[in-house]
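Take a look at the structure below.
None of the figures in this text is laboratory data; all of them are computed from the coordinates on show. Given the structure is predicted, the values throughout are model-derived calculations rather than measurements. When we count neighbours, we look across all protein chains shown, and the Cβ atoms used for this are built from the backbone with ideal geometry, even at glycine.
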Amino acid sequence: MPFWLELLICACLILGSLFALVGAIGLYRLPDFFTRLHGPTKATTLGVGGTLIASMLFFAHHTGSLSLHEVLITLFLFLTAPVSAHILSKAAMQQKVELFEQTRGQPWEDDH
């Protein structure tokens, strides 16, 4: 395996793991549901995406062709993460989930 390819794979793995770590810390540390939702949907999606790109590069070099498994996983991930976050936020709005006092934008409250 060429040295530049190993460096590229390592960079994708390190960046992917850093994004996943930031997403996990955000999920743990943020105060309410709506701010906590950003951790797994933004940073963790990028983290898994970086890991999948590294996997695609590694196995493409060893097998000589692009693996359909990684492409399908990436496609599924990038399609379902925003949709599930949207559905979760709509459900939380319907349930009128309690917010942190500094969170702005409360669409279910009446201004009357």
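Worth pointing out:
- Take 70-77, 52-59, 9-16 and order them by the average number of nearby Cβ atoms within 10 Å per residue, most first; the result is 52-59, 9-16, 70-77.
- Calculated FRET value between Val97 and Ala24, using beta carbons and R₀ = 22 Å, to 0.05: 0.55
- Computed FRET value (nearest 0.05) for Leu5 with Phe76, which takes r as the C-beta separation and R₀ as 22 Å: 0.30
- Packing, as the average of other Cβ atoms within 10 Å across residues, places the peptides 86-94, 40-48 in the order 40-48, 86-94, highest first.
- Viscosity 0.890 mPa s, 25 °C: Kirkwood-radius Stokes-Einstein D of region 2-45 over Cα pairs, µm²/s: 219
- The length gained on full extension between Ala60 and His86, counted as 0.36 nm times the residue separation minus their Cα-Cα distance, comes to 6.0 nm.
- Along principal axes, Cα extents of the chain, largest first, whole Å: 66, 24, 16
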